[in-house]
Amino acid sequence: VISDLGNLILGNNSEETYGRLISLLTILFKRDIIPILIGGSQDLLYSVYRSYDSIQNTVNMVNVDSNFDLGDSSKPINNQSYLGKIILEEPQNLFNYSNIGYQTFHNSQEEIDLMDNLYFEAYRLGDVCSKIRLVEPVMRDADIVSVDMKSIRASELSSRQKFSPNGFDGKEICAIARYAGISNKVSSFGIFEYNQNLDQDDQTAKLISQIIWYFLEGFQSRVSEDIPSSKNLIFYNVTGENDTNNMVFCKSKLSNRWWIVMKKDHRYNKLKVDQFFACSYSDYELAMNGDIPDTWLRIIKLLS
């Protein structure tokens with residue numbers, strides 16, 4: 001069932017608007033309803049994140065954006081600084097953040113270094129465009145997925161939307177939306193930075209409608225892997241040069257998707273239960289060839 005809940009009535013200021021959105025989303029999440037947000041500036045993503053406070057202790061976020069939007073967290077929140085506030089504000093429920101499609105010239109070297117130091121994932125536009133399937137494992141671990149319309153090249157949008165000449169094309173952004181829909185974990189999807197007043201030819205609205213269609217098409221194709229049940233999984237052990245690099249992979253018999261398993265007795269596993277992290281078949285191939293996949297290194301850094 002798909003329902004249109006209408007337009008959010010804005011508050012007298014940003015804080016009041018954030019509060020109204022948090023209240024609405026909290027109700028939807030408790031009823032297992034997946035909201036699709038359309039329009040508004042991307043600082044509304046802060047409200048989406050805070051809506052999970054009463055639902056779960058950790059949140060994974062994926063942002064399709066040309067910018068990291070770290071900004072100056074000491075100043076009032078806006079669409080260029082919301083991520084800094086999310087990272088620093090208590091309670092700190094953000095477990096992992098991934099950026100899809102960042103463009104180097106839109107971000108300072110300090111911001112790029114900070115993303116690396118925080119062990120967050122960042123995928124350059126060119127790398128994603130050359131291999132769009134990079135996105136699938138990233139989406140599989142996400143709770144929140146957002147799309148900044150500025151991540152799409154200007155030629156794909158209304159002629160009055162003065163965005164960057166570089167970015168994803170319509171086919172690529174729709175493929176990314178479908179990967180988000182397929183993910184069993186994604187529970188909210190947002191499309192931000194759409195200005196209806198600048199869309200007189202409805203070109204941008206038409207693309208947004210197709211992005212949503214592909215997200216829903218992906219949702220209809222979801223396959224329950226029943227993780228961590230092993231009845232539909234095939235496990236593969238890869239022995240490294242030391243205990244730290246001993247890796248366990250598993251593949252689903254239902255979808256052929258892959259995971260790296262952090263076993264409960266691994267010295268970096270503080271939860272002491274088996275943890276599954278989405279990966280690709282290429283990660284398994286690297287491990288079999290004696291190399292350490294970047295995915296495994298990132299998992300160790302996140303957990304240590």
What residue, of Lys171, Lys75, Lys150, is open to solvent by 30 Å² or more (accessible area, probe 1.4 Å), in contact (Cβ under 8 Å) with a residue 40 or more places away in the chain, basic (Lys, Arg) and on the phi < 0 side of the Ramachandran plot? Lys150
Working carefully through the options Thr58, Thr26, find the one that is β-branched (Val, Ile, Thr), farther than 30 Å from Asn166 by Cβ and surrounded by 15 or more Cβ atoms within 10 Å (Cβ to Cβ). Thr26
Restricting to segment 138-175, count the residues that are in contact with a Lys or Arg (Cβ under 8 Å, 6 or more places away or on another chain) and under 30 Å from Pro293 (Cα atoms). 8
State which residue is surrounded by the most Cβ atoms within 10 Å (Cβ to Cβ) when the search covers only segment 94-125 and only residues that are over 17 Å from Cys279 (Cβ atoms) and in contact with a Gly (Cβ under 9 Å, 6 or more places away or on another chain). Gly101
Could you check Arg31 against (1) open to solvent by less than 70 Å² (accessible area, probe 1.4 Å); (2) farther than 18 Å from Met149 by Cβ and say which number it fails? (1)
Conditions first: (1) under 30 Å from Gly39 (Cα atoms); (2) surrounded by 12 or more Cβ atoms within 10 Å (Cβ to Cβ). Gln220 passes all but one, so which condition is the exception? (2)
Just checking: which of the helices (runs of 4 or more DSSP H) contained wholly in segment 110-182 hold 2 or more residues that are under 19 Å from Trp258 (Cα atoms) and under 15 Å from the mean Cα position of the chain (by Cα)? 135-140, 170-182
Complete set of residues in segment 178-191 that are buried (at least 23 other Cβ atoms within 10 Å of the Cβ) and closer than 14 Å to Lys150 by Cα: Ile191
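Would you check if Ile38 is open to solvent by 30 Å² or more (accessible area, probe 1.4 Å) and either in contact with an Asp or Glu (Cβ under 6 Å, 6 or more places away or on another chain) or modelled with pLDDT of 95 or more (or both)?
Details: open to solvent by 30 Å² or more (accessible area, probe 1.4 Å): yes; either in contact with an Asp or Glu (Cβ under 6 Å, 6 or more places away or on another chain) or modelled with pLDDT of 95 or more (or both): yes.
Spelling it out, Ile38 is indeed open to solvent by 30 Å² or more (accessible area, probe 1.4 Å) and either in contact with an Asp or Glu (Cβ under 6 Å, 6 or more places away or on another chain) or modelled with pLDDT of 95 or more (or both).
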Could you grab the pairs with beta carbons closer than 8 Å, sequence gap of 6+ or different chains, first residue in segment 208-221 and touching a residue at least 60 places away in the same chain (Cβ under 8 Å), second one open to solvent by 50 Å² or more (accessible area, probe 1.4 Å) and part of a helix (DSSP H, G or I)? Phe215/Arg178
Turns out the helices (runs of 4 or more DSSP H) fully within segment 1-108 with at least 3 residues that are among the hydroxyl-bearing types (Ser, Thr, Tyr) and over 23 Å from Ile176 (Cα atoms) are 14-30
Test of understanding: among Arg50, Arg20, which residue is among the charged types (D, E, K, R), under 25 Å from Val138 (Cα atoms) and either out of contact with any Cys (no Cβ under 6 Å at 6 or more places or on another chain) or surrounded by 12 or more Cβ atoms within 10 Å (Cβ to Cβ) (or both)? Arg50
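Is it the case that Ile208 is under 30 Å from Ser51 (Cα atoms) and under 17 Å from the mean Cα position of the chain (by Cα)?
In short, no.
If the requirement is being surrounded by 12 or more Cβ atoms within 10 Å (Cβ to Cβ), among the charged types (D, E, K, R) and either touching a residue at least 40 places away in the same chain (Cβ under 8 Å) or over 16 Å from Asn96 (Cβ atoms) (or both), which of these qualifies: Lys264, Lys272, Lys231, Lys251?
When all the criteria are applied, what remains is Lys251.
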If you check Lys206 against the conditions, is it farther than 25 Å from Leu94 by Cβ and open to solvent by 30 Å² or more (accessible area, probe 1.4 Å)? yes
Those residues of segment 95-112 which are under 21 Å from Arg140 (Cα atoms) and either acidic (Asp, Glu) or modelled with pLDDT of 95 or more (or both) amount to Tyr97, Ser98, Asn99, Ile100, Gly101, Tyr102
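The values are calculated or read from the model by the stated rules, or taken from the named source; none is laboratory data. Since the structure is predicted, the reported quantities are computational estimates derived from the model, not experimental observations. All Cβ positions, glycine included, derive from the backbone under ideal geometry; neighbour counts span all protein chains shown. Calculation scope for accessible area: heavy atoms of the full protein, side chains included, ligands and nucleic acids excluded. Shrake-Rupley method; radii C 1.70, N 1.55, O 1.52, S 1.80 Å.
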